[in-house]
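Trainee: Just dropping this structure here.
What follows draws every value from the coordinates through simple rules; no lab data is involved. Only a predicted model underlies this, so the values are computations on that prediction, with no experimental measurement involved. Every residue, glycine as well, gets a Cβ built from its backbone with ideal geometry; the counts of neighbours run over all protein chains shown.
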Amino acid sequence: MILFLSIACTGPDAGFGRGGTHVDPPQDTSPNTDDTASDSGPDTGEDTGPDTGKDTGPDTGKDTSEPRVPGGDDCKISLGAVACDLVLIDAKGQSWSLWDQYGDPIALVLGHQYDQSFTSASVWLQDVSDARSTPIGSVMIEDMNFSAADEADAQGWGELYGIDLALADPEAKAEEGGWFGSQTVTYVIDADMVIRSKTLGFIGEAELNDKLKAL
């Protein structure tokens with residue numbers, strides 16, 4: 001009898017009273033919020049990614065690139081020096097740069113349209129250019145109205161005297177850069193952009209021809 005009662009008390013239906021139903025303890029089905037693999041800390045703003053090698057430092061505004069002409073970073077408008085660049089306008093209104101001529105000798109005659117020395121040189125300038133196979137630019141600084149010469153002036157001057165390289169200086173770059181003062185001036189520049197000759201005022205056909213021949 002004692003054995004029978006012991007078995008009855010330890011059956012699967014034993015609960016808080018006879019005939020009660022067995023209930024399993026509740027299970028926690030909520031998501032685990034204590035996941036140590038997730039970084040929920042504050043963003044410090046620090047970049048811990050790989051170094052790409054790119055320089056993201058401040059721009060100092062200094063141009064460290066090499067000039068288009070060797071020695072151009074130390075250019076001067078003087079004999080024996082590499083000539084500084086001179087940007088003008090041609091008869092078609094296109095930008096023309098002296099440094100773009102690097103590798104070939106060139107001569108430039110700069111003057112005012114009303115200066116007799118400039119006009120005289122324009123008469124034979126293309127003949128010397130053809131004879132020496134060297135481009136010679138006629139650079140008009142001011143027109144007859146004492147105004148800065150422009151594209152139309154260069155075009156008209158080139159047509160009048162048959163000059164292939166007729167140029168104008170509407171932005172006064174020649175005066176600002178020290179190329180031109182107040183009178184006609186002729187420069188002879190070699191293929192390395194070195195100034196070999198500078199003649200103020202009148203220059204004759206034979207004289208310019210000889211200077212180009214000496215290059």
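Trainee: Arrange the peptides 110-120, 154-164 so that the one whose residues have, on average, the most other Cβ atoms within 10 Å appears first. Please report the intermediate quantities before stating the final value.
Mentor: On the way: 110-120: 19.0, 154-164: 17.4.
Highest to lowest by the protection proxy: 110-120, 154-164.
Trainee: Starting from segment 92-192, pick out the trypsin sites (Lys or Arg not before Pro) whose DSSP state is loop and whose Cβ has at most 14 other Cβ atoms within 10 Å.
Mentor: LYS92
Trainee: Give me the percent relative contact order of segment 72-213, please, defined on Cα pairs under 8 angstrom at least 6 residues apart.
Mentor: Over segment 72-213, the number comes to 32 percent.
Trainee: Tell me, what is the Rg over Rh of segment 61-215, with Rh the Kirkwood radius over Cα pairs? Don't skip to the answer; put the middle values down first.
Mentor: On the way: Rg = 14.7 Å, Rh = 15.5 Å.
We get a ratio of 0.95 for segment 61-215.
Trainee: What residues have an amide H closer than 5 Å to that of SER197, excluding those fewer than 5 places away on the same chain, when H is modeled at 1.01 Å from N in the peptide plane?
Mentor: VAL188
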